[in-house]
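Participant: Got a structure for you, written out below as structure tokens; questions coming shortly.
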Amino acid sequence: MTITHLFIYPIKSLGGIALTEAVTQEKGLQYDRRFMLVTPQGECITQRTCPQMTLIEVAIVAPGGAPRLHVWHRHRPDEVLDLPLTPEPLTLVPLPVTIWDSENVPAVAVGEWADQWFTTALGQPCRLVFMPDTTHRDIEEGYVKPDSQGHLPAVSFADGYPFLLIGQASLDELNRRLPDPVGMSRFRPNIVVGGSVPNDEDGWYRFRIGPADFYGVKPCARCVLTTIDPATGRKGKEPLKTLATYRQYGHKILFGQNVLPAPGAPSAVVRVGQPIEVVERREPWLAAPAP
């Protein structure tokens, strides 16, 4: 099994960027979901309530200097917003934010000029915030024990965990069942794996990519965001309708694996084409479906 794709999403719920290599960090891949759009009251905005966010593209550029972030609306490609990829938090105004069950998460407002660009692009008031390195936002509770000081691992502005891994075979199996196939972009993974069997990642407890060790925490519960067509921003019923026929666990529909780096693991570089070694398996939540 090998890595076939690596993705980051620098601004939560906007377009992803495919990489050939990436740096693993405690909060996820470097630059992944460190920016987020929020309401004027500081509550996160995602495609769940603003599906047109899927029409905004993001790219990292480095024109002879420090890398920067370029953002544009697919229908207005000439109107490019230029942002520092890693803003200097000390020069910005603190703005605590709420993301799902995480309240008063320390963040900083990038600037009124960025807020105005996104407000115009999306047709609703919003602000752009950045998560400084000093911010510690706990992962989703209930699946990982706190350390001896009572702390949970940290995560960026991702929904619940630092990494999302999906096997290409899992998507291929889904597309075999769907009336119309969907792309991997519907599921917004960080790591895509080739050479496995469908949904094999459900049972990965410990695995290794080069020098980097990871833990599979739990399958990822999917939401209506997966029903938004990235090409148009329109919502439908698939793929959740079909996934529910063979990937339902209680009231949740599962697809992909939420992943943590090994406790205390240093940063490491992972690359497309690198092999993946499953060190330890566990009983998956779902039994293998009927063909």
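The values are calculated or read from the model by the stated rules, or taken from the named source; none is laboratory data. Just so we're clear, the structure is a prediction, and the values are computed from it rather than from any experiment. So basically every Cβ, Gly included, is an ideal-geometry build from the backbone, and we count neighbours across all protein chains shown.
Participant: Which of (1) within 21 Å of the chain's Cα centre (by Cα); (2) at pLDDT below 95 does Ala287 not meet, given it meets every other one?
Facilitator: The failed condition is (1).
Participant: Check Ala62, Ala109, Ala66, Ala121 and return the single one that is of a type in the set (Gly, Ala, Ser), without any contact (Cβ under 8 Å) to a residue 60 or more places away in the chain and closer than 26 Å to Ser185 by Cα.
Facilitator: Result: Ala62 is the single residue among Ala62, Ala109, Ala66, Ala121 that is of a type in the set (Gly, Ala, Ser), without any contact (Cβ under 8 Å) to a residue 60 or more places away in the chain and closer than 26 Å to Ser185 by Cα.
Participant: In addition: Here's a check for you: in the stretch 233-255, which residue that is outside any loop (DSSP other than H, G, I, E, B), basic (Lys, Arg) and farther than 16 Å from Ala287 by Cβ is modelled with the highest pLDDT?
Facilitator: That would be Lys241.
Participant: Now, a different point. Take the stretch 238-284 and flag every residue that is among the acidic types (Asp, Glu) and within 22 Å of the chain's Cα centre (by Cα).
Facilitator: Our first condition is that a residue be among the acidic types (Asp, Glu); within the stretch 238-284, this holds for 238, 277, 280, 283.
Glu238, the sole residue that qualifies.
Participant: A follow-up question, please. State which residue is nearest to Met1 (Cα to Cα) when the search covers only the stretch 258-291 and only residues that are among the hydrophobic types (A, V, I, L, M, F, W, C) and assigned to a strand (DSSP E or B).
Facilitator: Residue satisfying both the conditions and the ranking: Ile276.
Participant: Sticking with this one: Please specify each residue of the stretch 84-128 satisfying the condition of being within 21 Å of the chain's Cα centre (by Cα) and aromatic (Phe, Trp, Tyr).
Facilitator: Trp100, Phe118
Participant: I would also like to ask the following. Of all residues being assigned to a loop (DSSP other than H, G, I, E, B) and hydroxyl-bearing (Ser, Thr, Tyr) in the stretch 1-57, which is nearest to the chain's Cα centre (by Cα)? Just the residue, please.
Facilitator: Going through the qualifying residues, I end up with Tyr9.
Participant: In the stretch 38-85, how many residues are surrounded by fewer than 19 Cβ atoms within 10 Å (Cβ to Cβ) and more than 18 Å from Gln116 (Cα to Cα)?
Facilitator: Number satisfying all stated conditions: 13.
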